[in-house]
1. Considering the stretch 105-121 alone, what residues qualify as being surrounded by fewer than 20 Cβ atoms within 10 Å (Cβ to Cβ), part of a helix (DSSP H, G or I) and either within 13 Å of the ligand (Cβ to nearest atom) or not polar (S, T, N, Q) (or both)?
2. Which residues, counting only those in the stretch 157-170, are touching a residue at least 60 places away in the same chain (Cβ under 8 Å) and closer than 22 Å to residue 105 by Cα?
3. Within the stretch 66-73, identify whether any single residue is open to solvent by less than 90 Å² (accessible area, probe 1.4 Å), in contact with a Gly (Cβ under 9 Å, 6 or more places away or on another chain), touching a residue at least 60 places away in the same chain (Cβ under 8 Å) and under 17 Å from residue 115 (Cα atoms), and answer yes or no.
4. Just checking, how many residues over the stretch 69-100 are assigned to a helix (DSSP H, G or I) and in contact with a Leu (Cβ under 7 Å, 6 or more places away or on another chain)?
5. Return the total of residues in the stretch 158-215 being among the hydroxyl-bearing types (Ser, Thr, Tyr), open to solvent by 80 Å² or more (accessible area, probe 1.4 Å) and farther than 28 Å from residue 22 by Cα.
6. Taking the options 203, 126, 152, 130, name whichever one is more than 16 Å from the ligand (Cβ to nearest atom), of a type in the set (A, V, I, L, M) and closer than 26 Å to residue 72 by Cα.
7. In the set 182, 207, which member is touching a Pro at 6+ places or on another chain (Cβ under 8 Å), of a type in the set (D, E, K, R) and more than 27 Å from residue 31 (Cα to Cα)?
8. For residue 85, only one of the following conditions fails: (1) open to solvent by 20 Å² or more (accessible area, probe 1.4 Å); (2) hydroxyl-bearing (Ser, Thr, Tyr); (3) closer than 24 Å to residue 133 by Cα. What is its number?
Amino acid sequence: MRIDIITVVPDLLKSPFEASILKRAIEKDLVEIHFHNLRDYTTSSYKQIDDYQYGGGAGMVMMVEPIDKCISKLKAERDYDEVIYLTPDGDVLNQNMANSLSLKGNLIMLCGHYKGVDQRVRELFITKEISIGDYVLSGGELAAAVLCDSIIRLIPGVLGNETSALTDAFQDNLLSPPIYTRPANYKGLEVPEILLSGHQQKIDNWRDDKALERTKERRPDLLQE
Ligand code: 6GU
């Protein structure tokens, strides 16, 4: 997989890819991440990428031309499966979306800033608009990092234990059951006996029951989907 991220603040985005699982995925050549600074695609001498809104109102709007130049250059080099715009008015990210994006080859992610992009950018280039939740961030960069993490960890070979993404919370629209590690008794709080029993079938059933119970309690909306 290859992900091209277009941003005005590449520094905001780099560190998540320089540690832990994402770093290892890049080192193993399972994913390539390329950052593109929009200011490198301006023609005006003072590198303008935003301007006032037609019709007035507070907040600047990202101009079409630099975005056009950047996306057109990338598209001339290879085909892309999706051109994603990170925006609070997009479809809210969920595990199904991450699953299906993890099967793609080449993705562009455009991070919005200021008030957002000129509507014509969306009409001309964008194939998917994604939000990471109902709250507002200062820009799309942190949302792009979240989206990348949710996708990349699903690529086969990225997680050490191949089955572990399949048993994640949300994979069956269920939250995860309680989990424990040593010691078996901590200050009087004991690990449920069934987990120490060695009966794998009983343990699996217990986990399924607890996952369902927890989901009913905390996220009944997931069970209605
Ligand atoms: Cl994708 N961008 C911004 N600016 N805020 C958000 C978001 C995206 N998703 C949730 N809030």
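The values are calculated or read from the model by the stated rules, or taken from the named source; none is laboratory data. Everything quoted here is computed from the prediction, not taken from an experiment. Glycine gets a Cβ as well: all are built from the backbone with ideal geometry, and neighbour counts include every protein chain shown. Heavy atoms of the whole protein, side chains included, go into the accessibility calculation; ligands, DNA and RNA do not. Shrake-Rupley method; radii C 1.70, N 1.55, O 1.52, S 1.80 Å.
1. 120
2. Within the stretch 157-170, 157, 158, 159 qualify.
3. No, the stretch 66-73 contains no residue that is open to solvent by less than 90 Å² (accessible area, probe 1.4 Å), in contact with a Gly (Cβ under 9 Å, 6 or more places away or on another chain), touching a residue at least 60 places away in the same chain (Cβ under 8 Å) and under 17 Å from residue 115 (Cα atoms).
4. Looking only at that region, the number is 3.
5. 1
6. 152
7. Exactly one residue qualifies, and that residue is 207.
8. (1)
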